[in-house]
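Structure first, commentary second.
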Amino acid sequence: MSSKSAKRIAGVSSAALAAVLALGAVPAHAGTQQGRFTFKMSNPYYKKTDANGTFTGQVNMAGTVGRAAPMAWSFRTSPAVQAIAAGRMTCSAGHMQLTYHDSHANVAVNYFWHSSVPNNRRNKNYTLYGNCAFPVKVGGRTGKANLGFSFKYSLFDGISPSMTGRGSGGTEDAPYTSDLKISYDS
């Protein structure tokens, strides 16, 4: 049985592929404080594309005044990530503050993953996280990829003081981060 060693994608032999995949791939579990996106009536949509994929989030702020609101989100892997996939993926998402879980087994690596987190309240900080695992082949080497993401957000009701600036993270850090790690077969 071969031993596995975890290595970042930047360590693969194909420098061009490594550069494409490493761009913007900040670890979701890094010790830095992330920024937070605040959904507002004037800004109900978020979209971020990095080397690992495209993430979106949206809340119908006008249609849920005075009530808890669902936060609809989506994620699709980038063409560069799809190019190294050697099989199907299994994905799972969860939430740090709310009872929420979504999972999909044995889906194509280009799968358009979408779901909604229910019961988001205004003026609270939230964190959605997700992970997809799939086999890869990079430069002739096989292994397993783990692609994780994190999205920090809040909803602003337009009445109460905004949470922005109240310890909710600096504006220099992105509300969304992703991280691709590969464990190569020996």
> In the range 95-112, which residue that is under 22 Å from SER183 (Cβ atoms) and assigned to a strand (DSSP E or B) is farthest from the chain's Cα centre (by Cα)?
Replying inline: ASN106
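Hey, can you tell me all the residues within the range 53-70 that are touching a Leu at 6+ places or on another chain (Cβ under 9 Å) and farther than 26 Å from ASN106 by Cβ?
Step one: filter the range 53-70 for residues touching a Leu at 6+ places or on another chain (Cβ under 9 Å), giving 53, 57, 59, 61, 64, 69.
Matches in the range 53-70: VAL59, MET61, THR64, ALA69.
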> Which condition does ARG76 not pass, out of (1) more than 30 Å from GLY143 (Cα to Cα); (2) assigned to a strand (DSSP E or B); (3) open to solvent by 60 Å² or more (accessible area, probe 1.4 Å); (4) in contact with a strand residue (DSSP E or B) (Cβ under 7 Å, 6 or more places away or on another chain), if it passes all the others?
Replying inline: (1)
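Would you confirm whether any residue within the range 117-125 is open to solvent by less than 10 Å² (accessible area, probe 1.4 Å), farther than 29 Å from LYS137 by Cβ and not in a loop (DSSP other than H, G, I, E, B)? Can you show your working first?
Our first condition is that a residue be open to solvent by less than 10 Å² (accessible area, probe 1.4 Å); within the range 117-125, this holds for 117, 120.
Next, from what is left, pick out any that are farther than 29 Å from LYS137 by Cβ: 117, 120.
In the following step, the residues that additionally are not in a loop (DSSP other than H, G, I, E, B) were identified as 117, 120.
Yes, that holds for at least one residue.
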>> Of everything in the range 94-112, what is open to solvent by 70 Å² or more (accessible area, probe 1.4 Å), within 14 Å of ALA72 (Cα to Cα) and not aromatic (Phe, Trp, Tyr)? Give them in sequence order.
In response: HIS101
> Applying the selection to the range 61-96, what residues are without any contact (Cβ under 8 Å) to a residue 24 or more places away in the chain and closer than 24 Å to THR127 by Cα?
Replying inline: ALA62, GLY63, THR64, GLY66, ARG67
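Could you pull out the residue among ASN110, ASN119 that is in contact with a helix residue (DSSP H, G or I) (Cβ under 8 Å, 6 or more places away or on another chain) and either of a type in the set (A, V, I, L, M) or at pLDDT 95 or above (or both)? Walk me through how you get there before you give the answer.
Values: ASN119 fails: in contact with a helix residue (DSSP H, G or I) (Cβ under 8 Å, 6 or more places away or on another chain).
Testing whether each residue is in contact with a helix residue (DSSP H, G or I) (Cβ under 8 Å, 6 or more places away or on another chain) and either of a type in the set (A, V, I, L, M) or at pLDDT 95 or above (or both) leaves just ASN110.
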>> Scan the range 166-178 and tell me whether some residue there is at pLDDT 95 or above, open to solvent by less than 10 Å² (accessible area, probe 1.4 Å), out of contact with any Lys or Arg (no Cβ under 7 Å at 6 or more places or on another chain) and at negative phi.
In response: yes
>> Need pairs with beta-carbon distance below 6 Å; first residue closer than 24 Å to LYS181 by Cα and in a loop (DSSP other than H, G, I, E, B) and within the range 139-159, second polar (S, T, N, Q) and open to solvent by less than 50 Å² (accessible area, probe 1.4 Å); sequence gap 6+ or separate chains.
In response: GLY139/SER14
> Since GLY63 meets every condition but one in (1) modelled with pLDDT of 95 or more; (2) surrounded by fewer than 16 Cβ atoms within 10 Å (Cβ to Cβ); (3) not in a loop (DSSP other than H, G, I, E, B), which condition does it not meet?
Replying inline: (1)
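The values are calculated or read from the model by the stated rules, or taken from the named source; none is laboratory data. The structure presented is a predicted model; accordingly, all values stated were derived computationally and were not measured. All Cβ positions, even for glycine, are placed from backbone atoms using ideal geometry, and neighbour counts span all protein chains on display. Only protein heavy atoms, including side chains, enter the accessible area calculation; ligands, DNA and RNA are left aside. Shrake-Rupley method; radii C 1.70, N 1.55, O 1.52, S 1.80 Å.
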